[in-house]
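Comments concern the structure below.
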Amino acid sequence: MSVLVYTESDGGKFKKIAQEAVSYAKGIADMLGTSVTAVAVHAENVSELGTFGASKVLEVSNDSLKNFNAEAYASVVAEAAKKENAQVVVLTSSINSKFIAPLLAVKLDAGYVPNVVTLPESASPFKVKHSVFSNKAFSHTEIKTNTKIVGLAKNAFGVKEHNTSATTEAFSPEISSGNVEVVSVDKATDKITIADAEIVVSGGRGLKGPENWGMIEELANVLGAATACSKPVSDMGWRPHSEHVGQTGKPVASNLYIAIGISGAIQHLAGINSSKVKVVINNDPEAPFFKAADYGIVGDAFEVVPQLIEKLKEFKSQNA
Amino acid sequence: MKILVCISHVPDTTSKINFTEGDTKFDTNGVQFVINPNDEFGLTRAMWFKEKQGATVHVANVGGPETEPTLRKALAIGADEAIRINTVATDGYSVAKQLANVVKEGGYDLVIGGRESIDYNGGMVPGMIAQLTGANFINTCIGLEVEGNNATAVREMDGGKETLKTTLPLVIGGQKGLVEESDLRIPNMRGIMQARSKPLHVKEAVDISNETASIQFEKPAPKGAVKLVDNVEDLVNLLHNEAKAI
Ligand SMILES: Cc1cc2nc3c(=O)[nH]c(=O)nc-3n(C[C@H](O)[C@H](O)[C@H](O)COP(=O)(O)OP(=O)(O)OC[C@H]3O[C@@H](n4cnc5c(N)ncnc54)[C@H](O)[C@@H]3O)c2cc1C
Ligand SMILES: Nc1ncnc2c1ncn2[C@@H]1O[C@H](COP(=O)(O)O)[C@@H](O)[C@H]1O
């Protein structure tokens with residue numbers, strides 16, 4: 001018996017979502033009276049996962065896993081789950097985790113629930129709370145199969161430290177690679193991505209034109225944030241499509257979301273509802289976004305944003 | 001090439017979400033249902049395969065009779081035939097099993113589904129169909145070309161995109177990028193008239209158990225009122241001291 005967690009890494013380093021997933025797996029293991037085994041593919045310093053509650057780490061390295069390949073990765077996690085006799089498999093909400101999850105569910109004949117926001121409400125029956133209707137509601141869902149797969153929503157649980165010491169074990173399962181091959185990868189390595197960012201600074205049509213994005217990027221720079229935008233902004237080509245957030249764009253689950261010159265249409269809010277703290281800067285006090293925000297300034301972005309940048313620079317130099 | 005587009009019948013994006021019967025059922029009162037936006041992009045892409053490469057396009061939904069207007073809309077947009085698997089769609093796995101059955105019987109080369117449905121947000125049905133039928137699978141697909149038995153696809157990933165090479169049979173979980181919004185089609189009068197005489201097959205469900213069961217729904221607690229401040233200094237202080245966000 002165990003709880004198995006798939007831990008994602010980038011260039012050998014564990015992502016923060018991997019640490020969060022291990023912390024969460026430990027929470028479930030405590031409920032079930034068992035321990036956590038992590039699977040790590042091509043990662044370094046795997047024993048650090050003990051800090052977050054893993055008792056064992058299965059280290060996997062194989063040439064066929066150099067590039068991400070959903071079928072191959074799903075087969076690795078499935079073999080690990082069988083070997084460890086896992087009752088629960090924990091995944092995250094990253095694009096790659098969500099790519100693996102349905103394949104894994106069929107391989108293990110396991111019920112899968114994504115976007116889970118808290119620890120299970122009970123272990124037997126195994127009941128979890130997860131967001132549905134594009135974050136407009138939650139469902140309490142029972143997973144009835146012997147093996148259960150849960151996909152943890154980003155930033156829902158947080159990283160928790162434990163003093164578990166993790167043993168490591170090389171693991172070389174049979175890998176089925178399927179027939180999907182990577183031809184080329186187009187990835188911006190120097191920019192913080194919306195998926196990884198703790199803070200996201202987002203601009204809307206209120207900014208009038210692409211030439212005014214200098215201040216948005218500067219604000220993002222000061223905060224170490226990713227930049228994003230509303231849908232019309234990317235439709236008009238002011239910003240790349242990869243920055244479009246909302247129901248039809250990327251979901252944002254950052255700690256802080258700053259919306260500048262965005263009205264707060266329901267489709268936009270659907271994508272950013274799971275961000276923790278929301279700040280709105282808009283010159284129209286009636287803008288619907290204020291109803292969904294935690295903090296707001298009613299004012300002209302072209303005055304407020306430069307002031308905010310100055311203030312933050314001051315704040316950073318004092319708190320450095 | 002035989003294409004099946006999986007169509008999820010979902011509340012329009014602006015719908016108010018409410019529940020009835022002790023918060024156990026979605027309240028459809030006054031709700032407008034539409035083709036799931038991700039599926040609409042896939043359906044238009046399928047139309048291009050039909051027009052440029054002579055593909056046959058079928059659409060399928062797992063649901064009760066109330067989903068037929070949505071399937072008729074897909075026929076009006078240009079699909080050749082529709083299939084409704086007559087059962088209440090409860091969990092993603094059971095929907096995938098029903099659809100996998102249709103895919104096997106129909107011998108489809110390409111199955112186009114959406115990255116996720118905007119109601120249950122499962123993000124699981126297409127991948128499960130692929131695994132159940134032994135087809136290749138590409139998720140978050142934002143570009144697809146097929147030549148003979150070979151396919152080239154572009155998928156979105158965290159922080160960028162990648163180009164992939166694969167073969168049919170293939171299942172994709174698609175989204176915007178497959179086609180753009182300006183490419184989406186609104187059914188015209190002629191399409192609507194033709195749709196009336198196109199086949200809409202109703203199939204009985206294969207008996208399959210559910211792996212998960214939604215017990216109860218809950219709406220998020222109402223948000224506290226926004227704190228309005230009139231200068232950036234207060235904002236920075238609140239974000240640091242109160243929200244602990246910077
Ligand atoms: C099916 C569907 C899906 C959609 N999906 C998405 C989605 O995923 N994401 C998304 O964002 N939208 C989506 N939309 C579009 C959405 O409905 C809105 O049209 C869009 O979000 C509006 O973008 P905006 O707030 O940038 O622009 P606007 O609505 O034009 O708002 C601009 C705001 O800027 C303010 N402003 C103007 N000047 C200033 C100034 N000087 N200083 C400060 N503020 C200023 C205005 O008061 C206004 O509130 C979707 C729509 C549909 C129908
Ligand atoms: N009841 C259904 N009938 C047909 N297709 C569906 C159904 N539910 C989901 N799908 C397809 O699966 C995709 C992902 O749905 P989901 O796994 O529910 O997020 C949708 O975009 C559809 O293409």
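Just so you know, all these numbers are worked out from the coordinates, no wet-lab data involved. Since we're looking at a predicted model, the values are computed, not measured. Cβ atoms come from the backbone with ideal geometry, glycine included; neighbour counts cover every protein chain shown.
Roughly what angle does helix A:16-32 make with the longest principal axis of chain A, taking Cα atoms, 0 to 90 degrees, to the nearest 10? Relative to chain A, helix A:16-32 is tipped by roughly 50 degrees. Partner shielding of A:292-302 amounts to 4, given as the average count of beta-carbon atoms from other chains within 10 Å of each residue beta-carbon. Calculated mean residue ellipticity at 222 nm for chain A: -8500 deg cm²/dmol, from DSSP H runs with n ≥ 4 weighted as -39500 (n - 2.57), summed, divided by the residue count and rounded to 500. If R0 is taken as 25 Å, the Cβ-Cβ distance between B:THR152 and A:MET236 corresponds to a FRET efficiency of 0.30. Can you bin the range A:1-121 into rounded, prolate or oblate? Criterion: square roots of the alpha carbon gyration tensor eigenvalues sorted a ≥ b ≥ c, rounded for a/c under 1.5, prolate for a/b above b/c, oblate for the rest. Because its axes are fairly even, with a/c under 1.5, the range A:1-121 counts as rounded. For chain A, the longest principal axis of the Cα atoms and the long axis of helix A:301-319 meet at an angle of about 60 degrees. Cβ-to-Cβ counts within 10 Å put A:VAL277, B:VAL111, A:VAL132 in ascending order as A:VAL277, A:VAL132, B:VAL111, the fewest first.
Sorted fewest first by neighbouring Cβ atoms within 10 angstrom, A:MET31, A:MET1, A:MET215, B:MET128 come out as A:MET1, A:MET31, A:MET215, B:MET128. Within the protein assembly as shown, the percentage of alpha carbon pairs spaced more than 35 angstrom apart rounds to 37%. Computed from point charges on the beta carbon alone (+1 for Lys and Arg, -1 for Asp and Glu), the dipole magnitude for chain B about its Cα centre is near 720 Debye. Counting other Cβ atoms within 10 Å as a rough exposure proxy, the listed residues A:ASP109, A:ASP294 run A:ASP109, A:ASP294 from fewest neighbours to most. Using only the C-alpha atoms, the convex hull of the range B:24-94 corresponds to 106 Å³ per residue. Other residues with beta-carbon under 10 Å from the beta-carbon of A:LEU269 carry, at +1 per Lys or Arg and -1 per Asp or Glu, a net charge of +3.
Adding -39500 (n - 2.57) for every DSSP H run of four residues or longer, then dividing by how many residues chain B holds, sets the calculated 222 nm ellipticity at -8000 deg cm²/dmol.
Structural descriptor for the range B:51-169: relative contact order 17 percent, calculated from alpha carbon pairs under 8 angstrom and at least 6 residues apart. Shape class of the range A:203-311 from the alpha-carbon gyration tensor: rounded, with the ratio a/c of largest to smallest axis under 1.5. When only Cα pairs below 8 angstrom with a gap of at least 6 residues are kept, the range A:223-297 shows a relative contact order of 25 percent.
Annotation: the antiparallel percentage among DSSP beta bridges lying fully within the protein assembly as shown is about 35. From the Cα gyration tensor of the range A:261-316, with a ≥ b ≥ c the square roots of its eigenvalues, which class applies: rounded if a/c is under 1.5, or else prolate if a/b is larger than b/c, or else oblate? Judged from the Cα gyration tensor, the range A:261-316 comes out oblate (a/c at least 1.5, b/c at or above a/b). Nearest 10 degrees is fine. How inclined is helix B:37-53 to the longest principal axis of chain B, computing both from alpha carbons? The angle comes out near 30 degrees. I want the antiparallel fraction of DSSP beta bridges within the range B:114-243, as a percent rounded to 5. Percent antiparallel among DSSP bridges in the range B:114-243 is about 75.
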